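Structure below; questions to follow.
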Amino acid sequence: MATGSLRYLRCCRTLRARAAAALCGWLCGVTSAQELEPRSYANLPVGMNFLVLGYAYSQGALLPDPAIGLEDPELTLDTSIVAYSRSVGLGGLAGQVGVIQPYICLDGTAQRNGEQLSREVCGPGDTYFRLGVNFYGAPALTLNEFSGYRQDWIVGAVLRIQAPTGQYDDERLVNLGSNRWRFNPELGASKALGRLIVEMAAGISFFTDNNDFFGGSTREQDPIYALQAHLIYNLPRNMWIAFDANFYRGGQSSVDGVAKDDRLESSRIGLTYALPLGRRQSLKFTAQTGLYARAGLQADTFAVSWQYRWARGY
């Protein structure tokens, strides 16, 4: 077999494992402001495109904003998503841009001032945008050049933006959209140790004000600080599995200038399994649960997604 063909096959095998991670954490991320997103800093050749269709089921204390004053929430979310991502070169560095749009059905009950409330609604959720760049250990490579790449240390940054495009009603306490912008810059590093990859990241979320909060009030929120870690193990036949964990705190809010006792402090854990289906397709299965919560997301989430990838010459 020709040398070029061998290099192409090696490149395809590498890409099956790495490309299967391209939008891995986004599906469960749409149910929470604190995503568990393994392999955010994997290097990919420039010009790869990814289309993802997915579904996530979540149940538990899923209130997006503790400031709304509900107690004992028991909600279920059925979330369908469509997402697109593309690997790009940014000044000689490897990067990635993407967008995800969820459609959510919410159903559940909660208590407020001793009164039982219920809510059932379906509609679009907020749109998410993502820009990532690896500025150490992951140069921008063409498909042919990528066959000789081997990961060691990778250091990079990610910016996630949540736009207020989802369904929102200021006369309702629980909504599918947030009616505000969220900006989440993150700095992370990834280290390959044989088949094992260790990844860690630290981020902070900033929020604009919601000037049409329940009853026409103005809601402000302090930043949320988050840490996450992942142990990723590459299995035979280009499969991989990841153990994921995070911790976040902060986010105390105020409504019309009155501070609330709603500072978040919570931790979640999860498992992710990726199964390539040939050269262009893969499936991912994700399970997450709350480990500890003073206040914040305390729910179980299960998700599955299908990914299709393509590029010129691939």
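Helix 3-19: angle to the longest alpha-carbon principal axis of the chain, degrees 0 to 90, nearest 10?
With both axes taken from Cα atoms, the answer is about 10 degrees.
Which one of LEU173, ALA226, VAL133 has its Cα pushed farthest toward the positive end of the charge dipole of the chain, where Lys and Arg give +1 and Asp and Glu give -1 at the Cβ?
VAL133
Given N residues in the chain, what is Rg(Cα) / (2.2 N^0.38 Å)?
In units of the globular-protein estimate, the chain measures up at 1.03.
Continuing with the same structure: How big is the charge dipole of the chain about its Cα centre, in debye rounded to the nearest 20, if each Lys and Arg gets +1 on its Cβ and each Asp and Glu gets -1 on its Cβ?
Rounded to the nearest 20 debye, it is 2320 debye.
I would also like to ask the following. Any chance you could check the Cα centroid distance between region 153-176 and region 210-226 for me, in angstrom?
13 Å
Sorted from largest down, give the three principal axis spans of the alpha carbons of region 167-314, whole angstrom values.
For region 167-314, the Cα spread along each principal axis is 56, 30, 28 Å.
Computed from the coordinates by the stated procedures, all read-outs in this text should not be read as laboratory data. If you're wondering where the values come from, they're calculated on a predicted model, not measured in any experiment. In this analysis, Cβ positions are derived from the backbone assuming ideal geometry, glycine residues included, and neighbour counts consider all displayed protein chains.
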